[in-house]
Amino acid sequence: MVAMLVEDMLVDLGCEVAAVAGSLAAGLQAAGEPSLDAAILDVNLNGEKSFPVAALLRERGVPFAFATGYGARGLDEPFAGTPTLQKPFTIEDLRDVLEQIGLTI
């Protein structure tokens with residue numbers, strides 16, 4: 001449900017959504033796509049942490065931000081300082097974090 005809301009917000013901001021991944025495996029697959037420009041990662045993917053996806057994105061140089069109900073304190077140490085959306089968030093919050101990671105909206 002949250003993924004659909006974020007997808008709608010991204011479309012409203014003029015973004016093209018390349019993938020929505022509800023599991024770690026699907027997230028890793030999407031993170032490897034060459035056409036990926038940026039990502040918003042929910043820290044919790046169906047009970048699994050998305051940090052391996054973040055590591056792959058970082059390795060590939062793809063900008064990303066996290067979305068989590070725990071805010072920045074819910075991030076593992078290697079990702080401290082990564083832009084984070086505190087749930088619940090507004091479309092304006094999403095726009096701000098997209099601009100933080102280098103996208104022009």
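The values are calculated or read from the model by the stated rules, or taken from the named source; none is laboratory data. Quick caveat: nothing in here was measured; it's all calculated off a predicted structure. With ideal geometry, Cβ positions are generated from the backbone for all residues, glycine too; neighbour counts draw on all protein chains shown.
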Count of segment 69-105 residues which are on the phi > 0 side of the Ramachandran plot and part of a loop (DSSP other than H, G, I, E, B):
2
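Any idea how many residues of segment 39-68 are at positive phi and within 8 Å of the chain's Cα centre (by Cα)? I'd like the intermediate steps shown before the answer.
Residues of segment 39-68 at positive phi: 46-47, 61.
With the extra rule that they be within 8 Å of the chain's Cα centre (by Cα), the set shrinks to none.
Of the residues in segment 39-68, 0 are at positive phi and within 8 Å of the chain's Cα centre (by Cα).
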Which condition number in (1) surrounded by 15 or more Cβ atoms within 10 Å (Cβ to Cβ); (2) modelled with pLDDT of 95 or more is the one that L75 fails?
(2)
Identify, by number, the condition in (1) of a type in the set (K, R); (2) under 24 Å from Q29 (Cβ atoms); (3) out of contact with any helix residue (DSSP H, G or I) (no Cβ under 9 Å at 6 or more places or on another chain) that R73 doesn't meet.
(2)
What is the one condition in (1) more than 11 Å from the chain's Cα centre (by Cα); (2) at pLDDT 95 or above; (3) of a type outside the set (V, I, T); (4) surrounded by 13 or more Cβ atoms within 10 Å (Cβ to Cβ) that K87 does not satisfy?
(2)
Single match in A67, A55, A80 (criterion: without any contact (Cβ under 8 Å) to a residue 60 or more places away in the chain and surrounded by 15 or more Cβ atoms within 10 Å (Cβ to Cβ))
A55
Of the residues V11, V17, only one is without any contact (Cβ under 8 Å) to a residue 24 or more places away in the chain, in contact with a helix residue (DSSP H, G or I) (Cβ under 9 Å, 6 or more places away or on another chain) and exposed (fewer than 14 other Cβ atoms within 10 Å of the Cβ); which?
V17
